[in-house]
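Engineer: Pasting in a structure now, in structure tokens, and then I'll have a few things to ask.
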Amino acid sequence: MNEQNFQSHEIRDRIVIQYKYTMGGQSKFFLELMNNKKILGTKCKKCGKVWMPPRINCSECFADTDWVEMPHTGIIKVSTIVWYTTSAFIQSVPYGIAFIQLDKADTGMLQGIFSENLVPSKVKKGQRVKAVFKKKEDREGKMTDFFFVPEDEYDSWIAKPQYEGGS
Amino acid sequence: MSKRRVAIIGVGITPFRARYLDKTYFELAYDATNLALDDTNKNGAQITHKDLESTVYGIYNELFERQFMPDIFINSYLGMNNKPGTRIASGGATGGYTVRMAYSEVASGLSDLCLCIGVEKCNDCYDEKTGTTTPEVLNAIAYSADMTYEYPMGMMAASSYVSMVNAHYEEFGNPTEEQMAYVSIKNHGNAKLNPKAQSPMDVTVEDVMYSRIICYPFKMLDCCLYSEASAALILASEQKVKELGIEKPIWITGVAAANTDCFIGNRESVGRLYSNIYAAKAAYKMAGLDYNKIKEQIDVAELHDAFSGQEVISYEELGFVPFGEGGPWIEKSFEKPGEGPWIDGELPCCPSGGLIGCGHAVGATGIMSTGEAALQLRQEAGKHQVKTIEKGRAIAHSIGGPGAAYAAVIVIANEEGLNKP
């Protein structure tokens with residue numbers, strides 16, 4: 001069909017689904033994060049691999065894992081600074097994200113990397129980082145309850161009224 | 001039961017556009033199917049949609065289409081009722097995975113004529129708050145990241161891919177920002193020869209370097225644009241090829257895919273697209289080709305250049321050049337005919353313009369790439385036809401998903417390419 005003076009008709013619509021989503025076997029990670037500022041990984045009972053983010057089963061051995069408390073320090077494996085992004089985050093640019101390997105972990109996890117001076121050289125590979133937490137009343141048992149900062153900025157971040165250090 | 005030989009006998013690709021206001025996704029799918037039927041019939045065959053025995057649908061994202069299970073609505077619109085139709089959804093690699101599954105339909109003997117069709121229409125997404133489209137498209141894509149550990153950090157496609165590129169740079173000192181810019185020059189430039197491409201452009205290294213920063217170090221001109229389009233292939237068994245008197249069948253000689261760990265932090269090295277390596281090695285092996293000599297064994301490659309730096313890494317992982325030499329390969333061959341991945345180079349990569357030049361209509365993209373590679377081997381690609389088709393073989397590459405976890409590689413050959421060493 002080849003219509004002359006074609007006129008399109010657009011409708012407004014949105015898809016919204018609400019959830020009360022169980023974290024299942026990983027629930028303890030989020031509860032300990034929210035209640036006690038603890039970062040829990042898991043260790044395979046068979047091969048000893050430390051998973052971070054945690055898995056209650058080792059995907060390599062098909063064995064169960066044990067919970068282990070992780071240090072709050074680690075290094076950046078790779079990072080980027082985001083300047084243009086999704087509608088959900090566009091108000092937050094620029095923001096840093098990094099794959100961080102906690103000390104004693106065998107895998108890296110994605111986390112926000114905050115810095116007073118957010119430039120590539122400040123958040124590059126090998127940078128040592130430390131976890132900073134939201135205050136108890138603001139923690140929700142989500143990954144956004146904490147983030148990482150370069151170790152030399154740790155004291156100034158935990159001095160801010162909205163944040164605190166781990167135990 | 002042994003595998004049957006499978007040929008591409010029809011290619012149909014709609015123009016890639018920022019937005020079709022005059023088409024829905026199923027209307028676009030109709031157009032591509034019609035074009036593929038016309039292409040099949042141009043030498044006297046007379047098949048219609050009624051002759052197609054099954055369909056494999058490549059559609060990535062329900063949120064784009066505002067329709068979960070969009071395949072069944074296309075099935076109705078194409079008049080394919082009461083025949084099997086299967087949907088594939090594998091992120092950016094949906095197209096390649098769809099070709100693989102359609103190949104399987106025919107190779108297994110389940111069908112003699114199979115429609116392999118991809119479609120995507122993303123730009124109906126719209127963010128009322130900012131009055132723009134792209135951030136909402138990116139949000140629809142971002143739900144493909146892990147929703148618990150990654151989405152809440154503001155992870156999106158570009159920041160996911162850039163992680164591997166940055167880690168690769170840390171390890172090998174390349175690709176540099178300038179080397180990535182050459183991919184943008186090449187693919188936007190090739191797109192000028194392709195009337196179906198969305199982003200034909202003359203750009204310089206400076207243009208790329210000074211374009212808007214997206215996520216360090218990717219700039220706007222390093223990134224493909226999200227596009228709307230449909231692409232269709234008609235696949236046939238050897239018997240059908242003979243029956244229909246197809247003049248230039250393009251045989252699928254290798255199909256392989258690999259899903260690597262979607263959590264980048266779980267990988268042995270962050271600077272690798274392992275899915276590429278496993279898919280390429282398996283596809284070449286199936287086609288009887290050699291990973292270490294592949295650059296000399298094929299005439300053309302349609303790569304998945306969602307981001308410039310990721311095309312550079314793909315040169316290495318698909319076996320064209322050793323690790324760490326992808327960046328120099330494109331940079332040093334600029335304006336040197338017979339060298340590098342340029343359209344007049346030793347192995348032209350993305351003569352169609354690829355994703356950076358054509359746009360990325362996700363489910364359609366890998367099918368467009370495979371179709372474009374087939375047209376090249378038929379010497380019917382048009383203005384962007386590469387000069388020499390002497391080995392008679394080509395590859396099409398798809399990659400996608402969180403951390404580029406999915407990759408598919410398709411090897412195709414014309415009649416001559418089947419027997420050459």
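What follows is calculated from the coordinates using simple rules that are stated; it is not laboratory data. These figures come from a predicted structure and were not determined experimentally. As a convention, Cβ positions derive from the backbone with ideal geometry for all residues, glycine included, and neighbour counts pool all protein chains shown.
Engineer: With charges set only on the Cβ (+1 for Lys and Arg, -1 for Asp and Glu), what does the dipole of chain B come to about its Cα centre, in debye to the nearest 20?
Structural biologist: Numbers: 36 positive and 52 negative charges, 199 e Å.
Dipole of chain B, to the nearest 20 debye: 960 debye.
Engineer: Modelled label-to-label distance, B:Asp202 and A:Glu10, 7 Å Cα→beta-carbon offset: nm?
Structural biologist: Going from the B:Asp202 label point to the A:Glu10 one covers 3.3 nm.
Engineer: First measure r as the distance between the Cβ atoms of B:Lys242 and A:Asp152, then evaluate 1/(1 + (r/R0)^6) with R0 = 60 Å and state the FRET efficiency to the nearest 0.05.
Structural biologist: On the way: r = 73 Å, r/R0 = 1.21.
Efficiency at R0 = 60 Å is approximately 0.25.
Engineer: Let's see if you can work this out: charge +1 on each Lys and Arg Cβ, -1 on each Asp and Glu Cβ, no other charges. What is the dipole magnitude of the stretch A:24-165 about its Cα centre, in debye to the nearest 20?
Structural biologist: Values: 21 positive and 17 negative charges, 58 e Å.
Charge dipole, the stretch A:24-165, about its Cα centre: 280 debye, nearest 20.
Engineer: By a straight-distance test (C-alpha under 17 Å), which aspartates and glutamates pair with B:Lys3 as possible cross-link partners, with residues fewer than eight away in the same chain excluded?
Structural biologist: B:Glu105, B:Asp112, B:Glu238
Engineer: Same structure again: Mind checking which lysines have their Cα closer than 16 Å to the Cα of A:Lys142? Skip sequence neighbours fewer than 8 apart in that chain.
Structural biologist: A:Lys20, A:Lys28, A:Lys37, A:Lys38, A:Lys134
Engineer: OK, next. Describe numerically, in nm with one decimal, the distance between label points set 7 Å from Cα along Cα→Cβ at B:Lys42 and at B:Phe68.
Structural biologist: 4.2
Engineer: Could you check which residue among B:Asn194, B:Asn34, B:Asn266 shows the biggest mean-square fluctuation in a GNM of chain B with a 10 Å Cα cutoff?
Structural biologist: Ranking B:Asn194, B:Asn34, B:Asn266 by mean-square fluctuation puts B:Asn266 first.
Engineer: Using helices alone, what [θ] at 222 nm do you get for chain A, with -39,500 (n - 2.57) per DSSP H run of 4 or more residues, divided over all residues and rounded to the nearest 500? Could you put the intermediate results ahead of the total?
Structural biologist: Details: 2 runs with 15 residues, N = 167.
The helix-only estimate for chain A comes to -2500 deg cm²/dmol at 222 nm.
Engineer: To the nearest 20 debye, what is the magnitude of the charge dipole of the stretch B:34-148 about its Cα centre, counting +1 on the Cβ of each Lys and Arg and -1 on the Cβ of each Asp and Glu? Mind dumping the intermediate values first?
Structural biologist: Values: 8 positive and 15 negative charges, 37 e Å.
Magnitude of the dipole: close to 180 debye.
Engineer: Give the order of A:Thr80, A:Thr73 when sorted by the count of other beta carbons within 10 angstrom, beginning with the fewest. Can you show the working numbers first?
Structural biologist: Numbers: A:Thr80 27, A:Thr73 17.
Listing A:Thr80, A:Thr73 from fewest to most nearby Cβ atoms yields A:Thr73, A:Thr80.
Engineer: Given R₀ = 51 Å, what would the calculated FRET efficiency be for A:Lys136 paired with B:Met209, taking r from the Cβ atoms and rounding to 0.05? Don't skip to the answer; put the middle values down first.
Structural biologist: On the way: r = 46 Å, r/R0 = 0.90.
It comes out at approximately 0.65.
Engineer: Which chymotrypsin sites (Phe, Trp or Tyr not before Pro) does the stretch B:1-76 hold that lie in a coil by DSSP with at most 16 other beta carbons within 10 Å?
Structural biologist: Those that pass, being in a loop and sparsely packed, are B:Phe68.
Engineer: Under 19 Å from a point 7 Å along the Cα-to-Cβ line of A:Ala63: which residues of the stretch A:105-126 have their amide N that close?
Structural biologist: Only A:105-107 pass the distance filter.
Engineer: Go ahead and estimate [θ] at 222 nm for chain B from helices alone: -39,500 (n - 2.57) per DSSP H run with n ≥ 4, summed, over the residue count, rounded to 500. Can you show the working numbers first?
Structural biologist: On the way: 15 runs with 150 residues, N = 421.
Result for chain B: -10500 deg cm²/dmol, rounded to the nearest 500.
Engineer: Have a look at B:Asp222, B:Asp146, B:Asp299 and tell me which one the Gaussian network model of chain B (Cα, springs below 10 Å) gives the largest fluctuation.
Structural biologist: Sorting by GNM fluctuation, first place goes to B:Asp146.
Engineer: Taking 19 Å as the cut-off for C-alpha to C-alpha distance, list the pairs among A:Lys104/A:Lys125; B:Lys242/B:Lys391; A:Lys125/B:Lys332; A:Lys135/A:Lys160; B:Lys293/B:Lys391; B:Lys196/B:Lys336 that go past it.
Structural biologist: Values: A:Lys104/A:Lys125 17 Å; B:Lys242/B:Lys391 23 Å; A:Lys125/B:Lys332 28 Å; A:Lys135/A:Lys160 10 Å; B:Lys293/B:Lys391 13 Å; B:Lys196/B:Lys336 27 Å.
Over 19 Å Cα-Cα: B:Lys242/B:Lys391; A:Lys125/B:Lys332; B:Lys196/B:Lys336.
Engineer: Points 7 angstrom from Cα along the Cβ direction at B:Lys383 and A:Tyr19: gap in nanometres?
Structural biologist: Here the answer is 4.7 nm between the modelled labels.
Engineer: Moving to a separate point now. Quote the FRET efficiency, to the nearest 0.05, computed for B:Thr86 versus B:Leu21 with a Förster distance R0 of 41 Å and r equal to the Cβ-Cβ distance. Don't skip to the answer; put the middle values down first.
Structural biologist: Numbers: r = 30 Å, r/R0 = 0.74.
So, using R0 = 41 Å, E works out to roughly 0.85.
Engineer: So for chain A, averaging the separation of alpha carbon pairs under 8 Å that are six or more residues apart and normalising by length, what relative contact order in percent results? Write out the running numbers ahead of the final one.
Structural biologist: Numbers: 310 pairs, mean separation 30.9, N = 167.
That works out to 18 percent.
Engineer: A further question follows. Mind checking which of A:Val132, A:Val119, A:Val50 has the largest fluctuation in a GNM of chain A, springs on alpha carbons under 10 Å?
Structural biologist: A:Val119
Engineer: Run through the stretch A:82-143 and list the trypsin sites (Lys or Arg not before Pro) located in a DSSP loop whose Cβ has at most 12 other Cβ atoms within 10 Å.
Structural biologist: Values: sites: A:Lys104, A:Lys122, A:Lys124, A:Lys125, A:Arg128, A:Lys130, A:Lys134, A:Lys135, A:Lys136, A:Arg139, A:Lys142; in loops: A:Lys104, A:Lys124, A:Lys125, A:Lys135, A:Arg139, A:Lys142.
Within the stretch A:82-143, the qualifying trypsin sites (Lys or Arg not before Pro) (loop, at most 12 other Cβ atoms within 10 Å) are A:Lys135.
Engineer: Still on this structure, please answer the following. Identify the chymotrypsin sites (Phe, Trp or Tyr not before Pro) of the stretch B:325-421 meeting these criteria: DSSP loop state and at most 16 other C-beta atoms within 10 Å of the C-beta.
Structural biologist: Values: sites: B:Trp329, B:Phe334, B:Trp342, B:Tyr406; in loops: B:Phe334, B:Trp342.
Here the sparse-neighbourhood loop sites are B:Phe334.
Engineer: With the Cα gyration tensor of the stretch B:170-325 giving a ≥ b ≥ c as the square roots of its eigenvalues, does the rule (a/c under 1.5 for rounded; else a/b larger than b/c for prolate; else oblate) give rounded, prolate or oblate? All intermediate terms of the calculation are to be shown ahead of the outcome.
Structural biologist: Working: a/c = 2.10, a/b = 1.35, b/c = 1.56.
It is oblate, given that a/c is not under 1.5 and a/b is not larger than b/c.
Engineer: Of the cross-linked pairs B:Lys50/B:Lys121; B:Lys129/B:Lys383; B:Lys281/B:Lys420, which ones have a Cα-Cα span greater than 31 Å in the structure shown?
Structural biologist: Numbers: B:Lys50/B:Lys121 26 Å; B:Lys129/B:Lys383 42 Å; B:Lys281/B:Lys420 19 Å.
Long pairs (Cα-Cα over 31 Å): B:Lys129/B:Lys383.
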